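For reference, the structure is listed below as structure tokens.
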Amino acid sequence: MTTRTFTGQAAAPGIASGPAVVYDPGIAPGAPGGEPAEELARLNAAIARVDTTIAAYEQRLRNQGKREEAEIFAAHRVLLRDPALRDRAAALVVEAGRPAADAFSTAAEEQASELEQLDHVYLSARAADIRDVARQVRHVLTGSRGLVEQLTTPAVVIARELGPSELMNAPRSLLQGFALAAGGLTSHTCILARGLGIPAVVGLGDAILHAAASARIVALDGDTGTLTLDPTAALLAQVQARQRDLKTRAATLRSAPRGPVHTRDGRRVRLLANVATPAEAHAARAWGAEGIGLLRTELLFLERPDLPDEAEQLALYHAIAAELPGLPITVRTLDVGGDKHLPALPLPAEANPFLGWRGIRIGLSRPEILLPQLRALLRAGAEADIRILLPMITSVAELRQVRALLDEARRQLVAAGQRHCATVQIGVMIEVPAAALNAEALARDADFFSIGTNDLTQYTLACDRGNSQVAELYQPLDPAVLRLIAMACAAAHRHGRPVTLCGELGGAPGVTALLIGLGIDELSCAPAALAAVRAAVQATDSARARAIAEQALAAESAAQVRALLPTVA
Ligand code: PEP
Ligand code: MG
């Protein structure tokens with residue numbers, strides 16, 4: 001038995017191990033059709049039955065407060081009732097004498113492949129939804145075995161693709177995790193897996209289906225995006241130990257007390273969350289976040305053919321704010337460019353995209369993109385504590401230009417008689433060395449700073465954050481980066497402005513004391529990291545943290561800085 005590891009995309013965090021079930025949706029041939037009228041009646045009855053099932057999934061998720069996941073099934077019901085799909089299936093029954101099951105599958109497949117041929121990530125993902133709906137109807141009509149029938153003992157499921165309904169229908173006690181040949185982190189299946197806490201890896205390629213068929217046991221790591229077939233006994237023991245450890249840690253951390261967080265000597269450090277969706281905002285609340293420190297709005301813009309309008313943006317801000325009533329919601333304006341591209345806004349090819357048309361630079365040169373977002377934010381601010389955060393700021397001039405646009409947005413709302421907030425706090429990301437070096441001027445004009453260590457590290461060390469060739473050089477703890485953070489904190493505090501840190505470093509409990517010592521007032525990180533960071537803040541003594549920071553600022557290298565850090569449980 002040889003051990004083989006396949007690497008795909010990390011789609012939903014967590015670890016799973018156990019026997020593999022290679023799921024084949026089993027497209028059983030439809031039984032020979034009866035009279036067209038009879039087949040049409042069977043088809044309508046099957047559609048009605050699937051509709052009831054999907055409605056029950058939707059309701060179950062709503063009851064659990066999982067609104068975003070519930071919306072997936074609301075959309076499936078719309079697909080199921082699509083008159084074009086039903087008319088085409090009916091025509092195949094009546095005119096071509098096809099059995100109901102085949103007619104519906106064919107009509108659905110035609111729609112799905114049409115979408116796929118458009119070669120667009122967002123639309124291809126919707127094709128998977130249509131196929132999921134069609135499979136449900138087919139199972140009802142032919143009695144073929146779905147995932148729920150094929151999964152009889154706890155296992156990791158391997159499949160070409162898996163639909164949201166199949167995922168929802170499989171008992172959670174049996175479905176340990178899943179790995180898919182097909183890709184697409186933004187597919188509804190992946191969104192649902194993250195919401196339900198099912199570890200998942202996608203984009204493994206079709207080879208996995210054949211390879212996994214003979215595997216006796218598999219280990220799936222949804223954090224690193226790997227699937228290991230027939231791991232060695234030692235590796236399996238390691239994976240299982242990590243699995244147990246994660247479970248106990250999650251249980252202990254979940255039961256930890258909530259509320260305002262202070263260091264051992266009573267210094268208040270606000271804990272906020274980084275999110276992109278209402279589901280994540282829900283998780284943030286569950287983990288005790290005191291607000292949202294970074295709402296990345298890119299997701300709403302990515303993988304769709306058009307730009308979301310003001311109403312859609314407003315709906316997202318309302319949905320996020322509804323998860324954390326009364327708490328601050330810091331929304332970052334669209335931050336694309338670099339390696340993030342919008343199908344609705346083709347970016348010119350640039351020799352150095354990370355140094356090019358990115359972040360606020362796009363918003364300022366294309367006000368027709370930034371203005372609707374600012375209007376939506378001002379409108380959301382009428383009902384929630386919305387704060388605006390600007391990405392990729394290098395100078396105070398950019399901040400002033402945004403303030404001018406904000407005035408323009410306000411004038412437009414007044415003219416349209418739209419309710420909106422009178423004032424809103426505006427903060428800047430400190431993620432380019434120039435922003436840290438210009439911090440004094442920025443602190444005079446900005447209401448708050450948020451330090452983006454992910455980009456600050458890449459720009460300070462001239463080291464692409466996604467390039468594995470230079471991964472060794474990418475050191476967020478390099479003293480050069482720390483000096484810029486300290487400089488930004490000092491300038492902000494001279495002007496009475498709070499400083500949040502929202503880069504990945506904010507979620508690393510081992511670094512919490514150092515960050516507090518450097519002057520950070522608020523930490524914003526992934527919801528699941530909050531509990532560990534809370535414990536780290538509570539274990540910190542401010543005077544000791546300052547001493548660590550002073551030594552770190554005088555250090556020669558990231559390695560020396562790491563040696564200064566306290567070990568955390
Ligand atoms: C950062 O650069 O640290 C940051 C938080 O922004 P993003 O990771 O979205 O670029
Ligand atoms: Mg950034």
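The values are calculated or read from the model by the stated rules, or taken from the named source; none is laboratory data. What you see is a predicted model, and the numbers here were worked out from it, not measured in a lab. Cβ placement follows ideal geometry from the backbone for every residue including glycine, while neighbour counts extend to all protein chains displayed. For the accessible areas, the whole protein counts, side chains as well, though only heavy atoms, and no ligand, DNA or RNA atoms are used. Shrake-Rupley method; radii C 1.70, N 1.55, O 1.52, S 1.80 Å.
Laid out as a table, the results:
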{"item": "Flag if Ala193 is in contact with a helix residue (DSSP H, G or I) (Cβ under 9 Å, 6 or more places away or on another chain), surrounded by fewer than 24 Cβ atoms within 10 Å (Cβ to Cβ), at pLDDT below 95 and not hydroxyl-bearing (Ser, Thr, Tyr)", "result": "no"}
{"item": "Qualifying helices (runs of 4 or more DSSP H) (wholly inside region 77-153; at least 1 residues being under 20 Å from Gly183 (Cβ atoms))", "result": "100-117, 121-142, 147-150"}
{"item": "Residue check, Ala56 open to solvent by 30 Å² or more (accessible area, probe 1.4 Å), in a helix (DSSP H, G or I) and aliphatic (A, V, I, L, M)", "result": "yes"}
{"item": "Any hit, region 254-261, residues being outside any loop (DSSP other than H, G, I, E, B), surrounded by fewer than 23 Cβ atoms within 10 Å (Cβ to Cβ) and small (Gly, Ala, Ser)", "result": "no"}
{"item": "Residue, least open to solvent (accessible area, probe 1.4 Å), within region 316-367, restricted to residues that are of a type in the set (Asp, Glu) and away from ligand 2 (no atom under 15 Å from the Cβ)", "result": "Glu323"}
{"item": "Subset of region 374-394 (residues that are more than 16 Å from ligand 1 (Cβ to nearest atom) and either more than 12 Å from Thr330 (Cα to Cα) or at pLDDT below 95 (or both))", "result": "Leu374, Arg375, Ala376, Leu378, Arg379, Ala382, Glu383"}
{"item": "Any helices (runs of 4 or more DSSP H) falling wholly within region 368-464 and containing at least 3 residues that are away from ligand 2 (no atom under 16 Å from the Cβ)", "result": "396-416, 439-445"}
{"item": "Test: Arg465 is assigned by TED's automatic domain parsing to the domain that holds Arg270, basic (Lys, Arg) and within 13 Å of ligand 1 (Cβ to nearest atom)", "result": "yes"}
{"item": "Evaluation of Arg483 against (1) open to solvent by 10 Å² or more (accessible area, probe 1.4 Å); (2) within 16 Å of ligand 2 (Cβ to nearest atom); (3) at pLDDT 95 or above (one fails), failing number", "result": "(2)"}
{"item": "Every residue from region 372-394 that is among the hydrophobic types (A, V, I, L, M, F, W, C) and open to solvent by 20 Å² or more (accessible area, probe 1.4 Å)", "result": "Ala382, Ala384"}
{"item": "Long-range neighbours under 6 Å by Cβ, at least six apart or interchain, first residue at pLDDT 85 or above within region 105-120, second basic (Lys, Arg)", "result": "Ser105/Arg138; Ala107/Arg88; Ala112/Arg131"}
{"item": "The listed residue being assigned by TED's automatic domain parsing to the domain that holds Leu523 and over 20 Å from the mean Cα position of the chain (by Cα), out of Val239, Val275, Val269, Val218", "result": "Val269"}
{"item": "Number of the condition not met by Ala441 [criteria: (1) within 15 Å of ligand 1 (Cβ to nearest atom); (2) in contact (Cβ under 8 Å) with a residue 24 or more places away in the chain; (3) touching a helix residue (DSSP H, G or I) at 6+ places or on another chain (Cβ under 9 Å)]", "result": "(1)"}
{"item": "Filter result for Ala422 (within 27 Å of the chain's Cα centre (by Cα) and more than 20 Å from Ala488 (Cβ to Cβ))", "result": "no"}
{"item": "Residue selected from region 300-315 under the condition outside any loop (DSSP other than H, G, I, E, B) and not polar (S, T, N, Q), by the criterion least open to solvent (accessible area, probe 1.4 Å)", "result": "Phe301"}
{"item": "Residue identified as open to solvent by 10 Å² or more (accessible area, probe 1.4 Å), touching a residue at least 60 places away in the same chain (Cβ under 8 Å) and of a type in the set (Gly, Ala, Ser) among Ala508, Ala532", "result": "Ala532"}
{"item": "Any chance Gly146 is on the phi < 0 side of the Ramachandran plot and either over 26 Å from the mean Cα position of the chain (by Cα) or in the same structural domain as Phe73 (by TED's automatic domain parsing) (or both)", "result": "yes"}
{"item": "Inter-residue pairs, beta-carbon under 9 Å, first more than 21 Å from Arg419 (Cα to Cα) and in region 378-399, second of a type in the set (S, T, N, Q) and within 15 Å of ligand 1 (Cβ to nearest atom), 6+ apart", "result": "Leu389/Thr330; Leu389/Thr333; Leu389/Ser450; Leu389/Thr500; Leu390/Thr333; Pro391/Thr333"}
{"item": "Candidates Thr500, Thr512 - the one that is under 19 Å from Val537 (Cβ atoms), away from ligand 2 (no atom under 16 Å from the Cβ) and either outside the structural domain of Asn352 (by TED's automatic domain parsing) or of a type in the set (Ser, Thr, Tyr) (or both)", "result": "Thr512"}
{"item": "Residue that is farthest from Leu437 (Cα to Cα) [pool: residues in region 453-496 that are in contact (Cβ under 8 Å) with a residue 60 or more places away in the chain and charged (D, E, K, R)]", "result": "Asp464"}
{"item": "Selection within region 268-285 - open to solvent by 20 Å² or more (accessible area, probe 1.4 Å) and either within 16 Å of ligand 1 (Cβ to nearest atom) or out of contact with any helix residue (DSSP H, G or I) (no Cβ under 7 Å at 6 or more places or on another chain) (or both)", "result": "Arg268, Arg270, Ala276, Glu280"}
{"item": "Test for Ala526: is it away from ligand 1 (no atom under 16 Å from the Cβ), surrounded by fewer than 22 Cβ atoms within 10 Å (Cβ to Cβ) and in contact (Cβ under 8 Å) with a residue 60 or more places away in the chain", "result": "no"}
